[in-house]
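Before any comments, here is the structure.
The values are calculated or read from the model by the stated rules, or taken from the named source; none is laboratory data. Keep in mind it's a predicted model, so treat the numbers as computed, not measured. Counting neighbours? That spans all protein chains shown, and the Cβs are built from the backbone with ideal geometry, glycine included. The accessibility values were calculated without ligands, DNA or RNA, using every heavy atom of the protein model including side chains. Shrake-Rupley method; radii C 1.70, N 1.55, O 1.52, S 1.80 Å.
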Amino acid sequence: MDRKKSKTKVVSRLEASKRGKNDIPASASITLTVLSAAPEGTGSSVLLKLACDRYLFNAPESVQLFTESVNINMVNNIFFTRKSHEALSGLGGFLLCNTENFERSETIKLHGPPNVEKVLDLLSHFSEGHADPRARIEWRGLPHKSYEDAQVTVEYVPLYDERYDGNIENMHRNRADIDEEKEIEQAKHMTMAYIVKFKETAPKVDRHKLEALKIQSGPWVGELVKGRTVTLPDGRQLEPKDIIQEEGPVLGPLIVLEVPCEAYLTSLLTSPLHNLPSPDIIVHITPQSIIDDPRYQSFMKRYDCRHLILNEAAEMSYLPELHNACGIRNHIHGDIFPLPRGYSFTRPSIAEDTNTVYGCYHLNYMMRPYSSKGFHCDQIPQFHAGKAMEVAKEKIMEDVRKLNRSGGSSKEEHSKEWVDKAMERFKLKLKNGDAAPIFDKDYPEITFIGTGRGLRNRHKKEGHQESLLL
């Protein structure tokens, strides 16, 4: 199922407009990429990638770390499923780390439940002279009902907590009908689902069919592409299907929804999501306890399509340094340093006929072209335990050499073999209980207060990552 990387250079819609290509046709390539699969304690995020556009769904903490290959100029729309820490805690960092791009002419559109945009009011206090992150931001919510551009049409589907006011029907459906205080309260008891419909691509001429006609190309080809029947100079009558490339079935919509608890199931089962034309894939940002609920299972089985689940059962977030540290410590002592749940040394393998898949970082689902349709695992990072160990050994040897140059007394030759033997001796001590205890009393309590700063200083090359501990 692996595929080769495309060598086609992708440009942003802004860059395309600079080249005089304002009328960009519907994208022939559509890929859905998992940025964060919502392992326990984190949020979930997926990125919809088209030729010249990027659509981000949710911005959890440090989402910018997972979008290294995605220029902010290409993210024109961010959709939030809920007003929650898991869904939008990374929005500030995402915008503040890319403030230099707010010089551009296009705006970033934020979509979601009422009052989510208020988080931007806080960011100006942390911008430290950078461009105001609220600049060129457009908010879109329930009153707009939907969003449309040259590539997609996105319908908003609100889902409500049935415990709110005792009855779903009491929920205010239109933001303009309520005051700010009630609006804030409403946002706490709803999620926003999205139905993403894709524009059809223009017909393409099949070169092999054209060559088989054995006649010089001419204006008649354009007529056929427009859907008209033509008569050739030799009297043959052609229909569009005679030269047009055969495509697969019409691409169904993408559904992104979050059902955080049982109280939202009634709203889900009575919403437009319960009676749709065949979707292509549904992204479920839903706890496993709700996934297992018979009512939710009934909803999933209603659609014979791909289901991508992002919840606490997912693999751990992919952070290379964290992966290396976990692997190395586990190598020293597997009992003291067990591998985190979901930690994997190999890429997963997904059978072509598998409909329900649990997401992991950089899992791709290709929606278009039809010939490449399906899940692809070739971009999922693979952890190389041996390579990490070699890097660790080099660091140990360098540290020991620095220690000796500063007055250390060791006369041993510090080779990799020496490091291996030292590790084995340490592992043996741990196994036999000979190692000195780190603490002779109860472990100290460490309280993480938060980050002091997460911005790159424009006057220094290095970035700041400060924090406070008590």
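Observations, loosely collected:
- Applying the condition of being assigned to a loop (DSSP other than H, G, I, E, B) and charged (D, E, K, R) to the range 194-209 and asking which residue is least open to solvent (accessible area, probe 1.4 Å) yields Asp206.
- Contact annotation: residue pairs with Cβ atoms under 8 Å, 6 or more positions apart or on different chains, pairing a residue in the range 227-239 that is loosely packed, with under 12 Cβ neighbours inside 10 Å with a partner that is among the hydroxyl-bearing types (Ser, Thr, Tyr), are Gln237/Thr229; Gln237/Thr231.
- Within the range 361-402, being within 13 Å of Ile328 (Cα to Cα) and basic (Lys, Arg) holds for Lys387, Lys393, Lys395.
- Single residue of the range 23-38 satisfying the filter (surrounded by 23 or more Cβ atoms within 10 Å (Cβ to Cβ) and at pLDDT below 90) that is farthest from the chain's Cα centre (by Cα): Ala38
- Restricted to the range 282-398, the set of helices (runs of 4 or more DSSP H) holding at least 3 residues that are surrounded by fewer than 18 Cβ atoms within 10 Å (Cβ to Cβ) and among the hydrophobic types (A, V, I, L, M, F, W, C) comprises 320-332.
- Of the residues making up the range 39-50, just one is more than 12 Å from Leu310 (Cα to Cα), open to solvent by 20 Å² or more (accessible area, probe 1.4 Å) and in contact (Cβ under 8 Å) with a residue 12 or more places away in the chain, namely Lys49.
- Per the listing Thr67, Thr107, the residue uniquely hydroxyl-bearing (Ser, Thr, Tyr) and modelled with pLDDT under 65 is Thr67.
- Some residue of the range 190-197 being in contact (Cβ under 8 Å) with a residue 12 or more places away in the chain, hydroxyl-bearing (Ser, Thr, Tyr) and under 19 Å from Pro25 (Cα atoms): no
- Of all residues making up the range 267-281, the number that are of a type in the set (Val, Ile, Thr) and open to solvent by 40 Å² or more (accessible area, probe 1.4 Å): 1
- Cβ-Cβ under 9 Å pairs, at least 6 apart or on other chains, the range 51-70 side open to solvent by less than 40 Å² (accessible area, probe 1.4 Å), far side acidic (Asp, Glu) and modelled with pLDDT of 70 or more: Asp53/Asp149; Asn58/Glu86; Asn58/Glu258; Pro60/Glu86
- Residues located in the range 247-266, provided they are surrounded by fewer than 17 Cβ atoms within 10 Å (Cβ to Cβ) and under 19 Å from Tyr365 (Cβ atoms): Glu247, Gly248, Pro249, Val250
- For the range 304-315, the criterion of being over 22 Å from the mean Cα position of the chain (by Cα) and closer than 26 Å to Glu155 by Cα is met by at least one residue.
- Contact annotation: residue pairs with Cβ atoms under 8 Å, 6 or more positions apart or on different chains, pairing a residue in the range 273-290 that is farther than 24 Å from Ala87 by Cα with a partner that is surrounded by 13 or more Cβ atoms within 10 Å (Cβ to Cβ) and among the aliphatic types (A, V, I, L, M), are Leu276/Ile195; Leu276/Ile255.
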